[in-house]
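Below is one structure, written out as structure tokens; the observations come after it.
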Amino acid sequence: MKGRRKRRRGSNDLLICIGCVAGSAFLFWAGWQDVRNLLEIRESIAANEEKSAQLDQRQSNLETARENLDNPDYVEYIARGRYLVTKEGEQVFKFPSLQEDGE
């Protein structure tokens, strides 16, 4: 009888050991998945912060442009410079730029 109890006890100990190893492996795997997710989230946060900074800069530029459009002198400067709008009696002479595609 004593031999059977020792044999059962040894097999029970082996099953408990295998269960502990399997449980530890599962916990290690789950922890590794959490670490990977954390790293991905940090990368995503960094990318979103960079994108947010770019959008803030763009918004600032657009607000400046909007404020400039309220200034009649600026509107006149753009109209005369880009679109060659003239005052009555003026003549416009357009000179070729130094940075042309053909040269």
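The values are calculated or read from the model by the stated rules, or taken from the named source; none is laboratory data. It should be emphasised that the depicted structure is a prediction, and the values quoted were computed from it without experimental measurement. Reconstructed Cβ throughout: ideal geometry from the backbone, glycine too, with neighbour counts over all protein chains shown.
Note on the stretch 57-103: among residues that are surrounded by 10 or more Cβ atoms within 10 Å (Cβ to Cβ) and of a type in the set (D, E, K, R), the one that is nearest to the chain's Cα centre (by Cα) is Arg58. Taking the stretch 39-85 as the range and being over 30 Å from Phe95 (Cβ atoms) and of a type in the set (D, E, K, R) as the test, the residues that pass are Glu40, Arg42, Glu43, Glu49, Glu50, Lys51, Asp56, Arg58, Glu63, Arg66, Glu67, Asp70. Looking across the stretch 69-90, the residues that are assigned to a helix (DSSP H, G or I) and of a type in the set (Ser, Thr, Tyr) come down to Tyr74, Tyr77, Tyr83. When Gly23 is tested against (1) modelled with pLDDT of 95 or more; (2) under 30 Å from the mean Cα position of the chain (by Cα), exactly one condition is not met: (2).
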